[in-house]
Amino acid sequence: MVASMAPAKKSLTQHIMEQLMKTGYPLEIEVSDIMEHDWSVFNNLPYVDEKESKTREIDIYAVHLSEPAQITERKSAFFIATSAVVECKKSDTQAWVFFTRPVKYQFLLNLGEGQTHDFLQVFSEGKKRFIDELALPNLHYANFTRVAHTYSEVKIQGTSSGKSEIFEASNQLMSYISSELHGVHGSYSGDTSRRSIHLRFPIIVFDGRLYEAIVKAGNLELKEATHMLLKTQTSAHAITGRNASYIIDIVTKESLGELLGELNADITSIRAYFNSHNEELRKKADDLVSRCVAPPKVF
């Protein structure tokens, strides 16, 4: 009778590697490596969550490499700051399902109020945005005919963590962007000559099973997906105090490269718009700021 062989005991290194691969840290490094071709990438940046007065970290903050060239080339009176803010999530136990609805008004599917900030908001005390006065080119968001407003995480194996990773990630993105742009707002210090426009692209990269759910006449259709949009909002924006919308790209690790190519095209078209309309937009900006800024009192 042959004795059964006991399974080989795992080494400590094997155990540590297995545990790490269950986390999102390797994914974060992969995403960082992919982005570094066109972005300057910063990992685990701390920030203060103003609602909870806690210090938190964002997985990835990245500045587009084309941004510094604006200073040396000086083609436009405007400085367009373009950044991506990314949370990385991985799950072998939960499928992510996003319920989408048709886009009724395409013009609403663009940069959300919460992810932009410009000089006019400073001088109008949050009442006006310069980009609302412009006919900006369509961005990659306009390619979508359906957008998600709600979602679910469905257990496919193992045990549930008991928390919503989608909710956590989307709120982390909005909280970070709000905190950062609030800092930008306070940095102007009455300098009416500055013409900066800040655009933030929030992204969740998911390594796992991603689905789009479509409900029609009580019937549910489920489709595997690689890239969707989630439209959500904060209850009180740090600058305006009002609700502010965000559009978040939800993308699989495999489709991240395609999304980054779309963001490159977005940034190129935005900068080209400002360069080609430079004098017209400069005059418009000066006029709008002059209406907002009260003349100094004479005693």
Local electrostatic count, SER66, Cβ distance below 11 Å [Lys/Arg +1, Asp/Glu -1]: -2
Helix axis angle, 278-292 relative to the chain longest principal axis, alpha carbon, degrees: 80 degrees
For the chain, calculated [θ]222 nm from helices alone, where every DSSP H run of n ≥ 4 adds -39500 (n - 2.57): -9500 deg cm²/dmol
Local net charge near GLU113, Cβ-Cβ under 10 Å (Lys/Arg +1, Asp/Glu -1): +1
Under 27 Å from LYS128, Cα to Cα: lysines that are on another chain or at least 8 residues apart: LYS51, LYS75, LYS104, LYS231, LYS283, LYS284, LYS297
C-alpha long axis of helix 25-35 to longest principal axis of the chain, angle in °: 50 degrees
Relative contact order computed over the chain (Cα-Cα under 8 Å; 6+ residues apart), in percent: 22 percent
Fraction of beta bridges assigned by DSSP in the stretch 32-292 that are antiparallel (%, nearest 5): 65 percent
Size-normalised alpha-carbon gyration radius of the chain, reference 2.2 N^0.38 Å: 1.17
Nearest 10 degrees, 0 to 90: helix 165-186 Cα axis against the chain principal axis: 30 degrees
Local electrostatic count at THR234 - Lys and Arg +1, Asp and Glu -1, tallied over other residues with Cβ under 14 Å: -1
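Values in this text are rule-based calculations from the coordinates and carry no lab data. Keep in mind that what you see is a predicted model, and the values were worked out from it rather than measured. Using ideal geometry, Cβ is built from the backbone for each residue, glycine included, and neighbour counts are taken over all protein chains shown.
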